[in-house]
Amino acid sequence: MIKKIFRKIHLWLAVPFGLIISVICFSGAALVFETEITEAQNRSLYHVVKPEGDAMPLDEILDKVAATLPDSVSVNSVTIPSDPSRSYQIALSKPRRSSAFADPYTGQVLGRSERGKFFSTTMRLHRWLLGSMKPGGGVSTGKLIVGISTIIFVITLIKGIVIW
């Protein structure tokens, strides 16, 4: 009798929370490939033709990049790849998740890139069920649903192993 009740509870909890977890998993899987998809779409930003000489000094490249930026935007970090045929990626302070790309041999700014609309929406779906992050780090309704769904899903998985 108790086993039958627990099976019903398990079933009715698993269906709605399983659907929410599925949305979270599929959106997370899409985000895993964000870098590869973005690079494939903007190949000219990420790859350069390597000449015979060495790369320019980093401070000269950063000066050239800074000259193209508005006063309110600053450089946060620089990614220098080990592959000599790739450009330097310079992370910018504004807008969020934006970068400038520079040729390490000429210092030429190849362009700028921001997170695309598709991946911004996918991130919002993954983290907040299309809600948005609350200012000051508060808990939004979507974030609460994602958190509770994850906890109930783990409990349901453990109960499923015990019950079945």
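The values are calculated or read from the model by the stated rules, or taken from the named source; none is laboratory data. Bear in mind that the values here come from a model prediction, so they are computed numbers and not experimental data. Cβ: placed from backbone, ideal geometry, glycine included. Neighbour counts: every protein chain shown. Each accessible area value is taken on the protein alone, full model and side chains, heavy atoms only, with ligands, DNA and RNA left out. Shrake-Rupley method; radii C 1.70, N 1.55, O 1.52, S 1.80 Å.
Quick notes
- Helix-only mean residue ellipticity at 222 nm for the chain, each DSSP H run of n ≥ 4 adding -39500 (n - 2.57), per residue, nearest 500: -17500 deg cm²/dmol
- Only one residue of Ile148, Gly131, Asn42 has its Cα farthest out toward the positive end of the dipole of the chain, where Lys and Arg carry +1 and Asp and Glu -1 on Cβ, and that residue is Ile148.
- Solvent exposure, largest accessible area first (probe 1.4 Å, DNA, RNA and ligands not counted), of Glu60, Glu34: Glu60, Glu34
- Between Met133 and Leu13, the FRET efficiency from the beta-carbon distance, with R0 = 22 Å, is close to 0.20.
- C-alpha center-to-center spacing [the range 115-164, the range 1-55] in angstrom: 13
- Built amide H within the under 5 Å cut-off of Tyr105, gap 5+: Met56
- The chain - accessible surface per residue (Å², probe 1.4 Å): 66
- Computed lengthening from Ser72 to Lys94, 0.36 nm per intervening residue step minus Cα-Cα distance: 7.1 nm
- Here the range 8-164 has 63 percent of its accessible surface on carbon and sulfur atoms, given a 1.4 Å probe and all protein chains in place.
- Unit charges at the beta carbon, dipole of the range 15-164: most positive-side option, Leu110, Val162, Phe33: Val162
- Taking the C-alpha atoms only, the angle from helix 2-32 to the longest principal axis of the chain is near 10 degrees.
- Exceeding the 28 Å Cα-Cα cut-off - candidates Lys94/Lys143; Lys94/Lys134; Lys8/Lys134; Lys134/Lys159: Lys8/Lys134; Lys134/Lys159
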